[in-house]
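Data block below; observations after.
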Amino acid sequence: MAAIVFRSARIFDGARFLAEPKDLLVVRGKVERIAYAWKLRAPKGAREVCAEGCWLAPAFIDLHAHLREPGGEEKETVESGLTAAAAGGYGLVVAMPNTQPPVDSPARFRHQLVLRKQAMARLGHILPELVPAGTLTKARAGRAANDFRALYHASGVAGCRIFTDDGSDVDDDAVLAEVFARMQGLEGVRVMFHPEVAALSSGGIIHQGAVSRELGLKGIPRLSEELAVARALTFAESFGVRVHLTHLSSAGSVELIRRAKAAWRKGKREWVITADTTPHHLSLTDEAVKSLGAKALVKPPLREESDRRALVAGLLEGTIDVLATDHAPHTRREKSRSLRSAAFGIAGLETAFSVAMEATGAWRSAKRAERVLAALTRVPARILGIDRGGVAKGARAALALIDPNAKWRVDVRELATKCRVSPWEGRVLRGRILMTLVEGKVAFERKGAMR
């Protein structure tokens with residue numbers, strides 16, 4: 001494995017930007033040394049990368065992505081999804097278990113890891129690490145709690161530590177109580193909630209509001225999410241099991257979590273509850289459906305400007321802990337249908353960083369940029385309980401090299417994902433990933449961009 005020297009990079013260490021540009025040396029998968037810019041002596045045979053004007057950050061961590069394999073290979077595979085992740089600066093991806101069949105056993109958990117190894121063998125280079133999530137209920141059917149202990153001890157980067165029936169909530173309170181009871185005593189696990197009361201959202205297409213009325217479409221009310229968030233908080237407090245609420249979309253959800261964290265902070269228990277939102281919920285509102293059609297069709301739905309602003313504020317203040325993509329690719333055919341019959345989901349691994357930076361105003365504020373980068377790196381690593389998300393001597397060399405000034409037009413034909421549909425198609429975004437390292441090896445390098 002050849003050593004790599006990054007010259008004169010502005011380093012984000014997981015919490016803040018270092019005061020001035022630095023050189024950084026990667027040797028045998030670790031950060032060997034950090035020195036003043038242009039002062040580090042490169043080992044013989046090392047590759048030197050001029051990173052002047054660029055940011056060097058920990059490779060991003062996505063807590064929520066749908067890689068579709070097995071069962072949905074026409075939409076995405078582990079190979080194409082992780083390739084897209086690397087192009088987006090990600091060094092680790094948590095894959096949702098709602099595959100066909102679902103990841104509800106140690107054998108299926110291990111099969112996900114095998115798929116990554118097979119993909120790397122075909123490509124001849126490393127890919128982002130893969131952490132499969134396991135289901136909460138057997139067969140993801142919502143009728144009986146899964147065997148979490150067996151999955152907990154399955155092999156992997158962090159074992160199975162995230163459990164979710166994402167795509168649906170566990171509606172039966174008795175089953176959910178059994179889930180939480182079985183989780184007790186398993187250190188470091190989190191129940192990831194897809195907060196949705198199906199009885200209130202069933203048949204809904206977009207957010208319930210002025211736009212749904214204008215288009216004559218059945219709406220999905222905020223209440224369908226907010227009731228589920230309140231329920232999750234109640235279970236977390238009652239059982240003392242850590243809960244992660246994913247893809248938040250409403251201002252009410254942010255306020256519920258803000259109050260819960262404030263109350264639990266007094267007992268030093270605020271870390272029991274964590275949450276994420278997505279770049280598309282930070283960036284777009286239900287008004288986008290009128291111009292973009294099914295490209296903007298997603299669950300939970302894009303809501304109103306007041307919700308979008310509340311999500312941005314929640315992320316910047318830390319009520320919302322992390323950014324997750326909820327990368328949910330579909331075929332162009334599925335997304336070309338009318339709003340009443342098109343598939344829900346947005347593919348976002350390759351646009352997440354640029355969209356989130358713009359939506360939060362982070363290009364205008366170093367403090368905001370640090371918060372967005374922390375929400376992509378150090379904080380999700382902490383939630384997973386793994387030694388990732390930082391840049392320091394001796395740390396694992398999972399790194400993303402970013403040109404913060406590069407502007408690029410989204411051309412879906414050039415994306416690595418199989419999904420050739422994006423709500424940002426044709427838009428000019430700022431900030432581009434130039435290189436992604438995983439275990440000190442190049443997982444992605446943008447052609448013609450390196451000096």
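The values are calculated or read from the model by the stated rules, or taken from the named source; none is laboratory data. The structure presented is a predicted model; accordingly, all values stated were derived computationally and were not measured. Every residue, glycine as well, gets a Cβ built from its backbone with ideal geometry; the counts of neighbours run over all protein chains shown.
Worth pointing out:
- Across the stretch 1-58, the number of residues qualifying as touching a residue at least 60 places away in the same chain (Cβ under 8 Å), in a strand (DSSP E or B) and of a type in the set (Gly, Ala, Ser) comes to 2.
- Of residues in the stretch 103-155 being in a helix (DSSP H, G or I) and charged (D, E, K, R), the one nearest to the chain's Cα centre (by Cα): Arg116
- Tally of residues being in contact with a Ser or Thr (Cβ under 6 Å, 6 or more places away or on another chain), within 27 Å of Arg33 (Cβ to Cβ) and surrounded by fewer than 20 Cβ atoms within 10 Å (Cβ to Cβ) across the stretch 369-419: 0
- Qualifying residue in the stretch 391-414 (condition: among the aromatic types (Phe, Trp, Tyr), outside any helix (DSSP H, G or I), touching a Leu at 6+ places or on another chain (Cβ under 9 Å) and modelled with pLDDT of 95 or more): yes
- In the stretch 184-199, residue surrounded by the most Cβ atoms within 10 Å (Cβ to Cβ) [restricted to those that are more than 21 Å from Arg140 (Cβ to Cβ) and of a type outside the set (D, E, K, R)]: Gly188
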